[in-house]
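S.K.: Sharing a structure below in structure tokens format, with a few things to ask.
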2 protein chains.
Amino acid sequence: MDLFVSLFVNKIDKKGRISLPSLFRSVLSKGSKNEIILYKSLKSQSIEGCDSKRINEIAKRVNSLDFFSEDQDDFATSIFSEIIPTNLDKEGRFLIPESLKTYAGIASEATFIGQGHYFQIWHPKAAIEKQTRSRNRLVKENKSLSNIILEKKQNDK
Amino acid sequence: MDLFVSLFVNKIDKKGRISLPSLFRSVLSKGSKNEIILYKSLKSQSIEGCDSKRINEIAKRVNSLDFFSEDQDDFATSIFSEIIPTNLDKEGRFLIPESLKTYAGIASEATFIGQGHYFQIWHPKAAIEKQTRSRNRLVKENKSLSNIILEKKQNDK
DNA sequence: TGGGATAATATGGGCGTCAATGGGAATTAT
DNA sequence: ATAATTCCCATTGACGCCCATATTATCCCA
């Protein structure tokens, strides 16, 4: 499995360290076994994480925009300046920057939620809510993957 | 990670020195480990910096403009004449030229903003504003990192 | 199949190293 | 000579590295 899946609750110790769930560690690409990228989610009060390979892909896209445009500059800022590369120690732990902890309302514990190619870090209580909310919304609106993909194609036109 | 990423606030000491963030130093190409290029941003009241390798790329792009156009001439002037090569000391610090400090309104502290292949130096307060402004723009346009990737992939087809 | 042996994961804490910062002395420029 | 710049050394706090423990999951064998 090369995707971030499942849900884990881990503790933050006195030094501010927290273990990246073992299953998530095994997803990191060989080249960046002990580096992850953190940033504020644009969709919720949570932290998102991924491995650096993913960032390099994004970098290519952003850099292909017009060199001197303000678009390029704004994109670059909101993406590159918000990215926080972080190293895992030998035990697979890392530090969540203070600013991100504040943003996500995290203190002594955090919940990791697998999201496929990335993962999210939530305050434990908020994580449960998010999980049920997501589920309910899908069921109520009778969405299916194929529906969502179709809708997206409509919008893109 | 071979990109300028993240955000750092550093102090300017009595002698006018400021540390280039360690993470930025590690991005500089082997050949120019203690040289950076500074210049006024064309897009905002900030300073931009990069290593000399990038200047060469910019030169290429400017050259590709019509040789006899005024645009080409203007770009060439505003870019090349305003470039200031600067050396880092053994501790990774450098001096921000007075003219650039004035341009960016910087006095006792400065914020480094990663922009991918280059970085910017802002007055701390202005930096936060720029960051939020850029971020809000992304959110408003309902972009997300993954959207940017997807859109680009569409275009690539 | 039960139950202990073994391994892996999450967690705690000591300590050395490095980055950011400060300041005196040496060096260079004007 | 005076001002500016770089070198060198010192300090401080943060972070990485290492080792220890515990709790859980996995394995092995009688």
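The values are calculated or read from the model by the stated rules, or taken from the named source; none is laboratory data. This structure is a prediction, so every number in the text was calculated from the model and none was measured. For neighbour counting, all protein chains shown are included, and Cβ atoms are generated from backbone atoms with ideal geometry for every residue, glycine included. Side chains included, ligands, DNA and RNA excluded: accessible areas come from the protein's heavy atoms. Shrake-Rupley method; radii C 1.70, N 1.55, O 1.52, S 1.80 Å.
S.K.: Considering only residues that are among the polar types (S, T, N, Q) and either surrounded by 13 or more Cβ atoms within 10 Å (Cβ to Cβ) or within 15 Å of A:TYR39 (Cβ to Cβ) (or both), look in the range A:78-106 and name the one that is farthest from DNA strand D (Cβ to nearest atom).
M.R.: So, considering only residues that are among the polar types (S, T, N, Q) and either surrounded by 13 or more Cβ atoms within 10 Å (Cβ to Cβ) or within 15 Å of A:TYR39 (Cβ to Cβ) (or both), the one farthest from DNA strand D (Cβ to nearest atom) is A:SER78.
S.K.: Could you please tell me which pairs satisfy a Cβ distance under 9 Å, a separation of 6+ or placement on different chains, a first residue in the range B:1-12 that is within 7 Å of chain A (Cβ to nearest Cβ) and closer than 19 Å to A:LYS33 by Cα, and a second residue that is open to solvent by 50 Å² or more (accessible area, probe 1.4 Å) and part of a loop (DSSP other than H, G, I, E, B)?
M.R.: From residues that are within 7 Å of chain A (Cβ to nearest Cβ) and closer than 19 Å to A:LYS33 by Cα, the pairs are B:MET1/B:SER26; B:LEU3/B:HIS117.
S.K.: Could you list, in sequence order, all residues of the range A:30-48 that are more than 12 Å from chain B (Cβ to nearest Cβ), surrounded by fewer than 20 Cβ atoms within 10 Å (Cβ to Cβ) and either at pLDDT 95 or above or in a strand (DSSP E or B) (or both)?
M.R.: Across the range A:30-48, the qualifying residue is only A:GLN45.
S.K.: I would also like to ask the following. Are any of the residues in the range B:55-72 more than 15 Å from DNA strand C (Cβ to nearest atom) and either closer than 30 Å to A:LYS40 by Cα or in contact with a Ser or Thr (Cβ under 7 Å, 6 or more places away or on another chain) (or both)?
M.R.: Looking through the range B:55-72, none of the residues is more than 15 Å from DNA strand C (Cβ to nearest atom) and either closer than 30 Å to A:LYS40 by Cα or in contact with a Ser or Thr (Cβ under 7 Å, 6 or more places away or on another chain) (or both).
S.K.: Might you let me know whether the range A:78-92 holds any residue that is in contact with a strand residue (DSSP E or B) (Cβ under 9 Å, 6 or more places away or on another chain), more than 25 Å from B:GLU129 (Cα to Cα) and either within 13 Å of chain B (Cβ to nearest Cβ) or without any contact (Cβ under 8 Å) to a residue 12 or more places away in the chain (or both)?
M.R.: yes
S.K.: What is the number of the single condition among (1) buried (at least 16 other Cβ atoms within 10 Å of the Cβ); (2) more than 13 Å from DNA strand C (Cβ to nearest atom) that A:LEU3 does not meet?
M.R.: (1)
S.K.: Based on what the data block shows, is B:GLU109 of a type in the set (Asp, Glu), surrounded by 13 or more Cβ atoms within 10 Å (Cβ to Cβ) and either over 28 Å from A:ILE55 (Cβ atoms) or in contact with a strand residue (DSSP E or B) (Cβ under 9 Å, 6 or more places away or on another chain) (or both)?
M.R.: Yes; evaluated as a whole, the condition is true for this residue.
S.K.: Residue under question is A:ILE113, and the condition is that it be on the phi < 0 side of the Ramachandran plot, at pLDDT 95 or above and away from DNA strand D (no atom under 16 Å from the Cβ); does it hold?
M.R.: yes
S.K.: Go through the range A:103-120 and report how many residues are more than 13 Å from the chain's Cα centre (by Cα) and within 14 Å of chain B (Cβ to nearest Cβ).
M.R.: Residues meeting the conditions: 1.
S.K.: To continue, here is another question. Looking only at the range B:37-50, decide whether some residue is over 26 Å from A:GLU82 (Cβ atoms) and not β-branched (Val, Ile, Thr).
M.R.: Looking through the range B:37-50, none of the residues is over 26 Å from A:GLU82 (Cβ atoms) and not β-branched (Val, Ile, Thr).
S.K.: Now for a different question. Looking only at the range A:54-77, how many residues end up being more than 7 Å from chain B (Cβ to nearest Cβ), surrounded by 15 or more Cβ atoms within 10 Å (Cβ to Cβ) and among the basic types (Lys, Arg)?
M.R.: Summing the residues that are more than 7 Å from chain B (Cβ to nearest Cβ), surrounded by 15 or more Cβ atoms within 10 Å (Cβ to Cβ) and among the basic types (Lys, Arg) in the range A:54-77 gives 1.
S.K.: Please count how many residues of the range B:16-29 are of a type in the set (A, V, I, L, M), within 14 Å of chain A (Cβ to nearest Cβ) and part of a loop (DSSP other than H, G, I, E, B).
M.R.: 1
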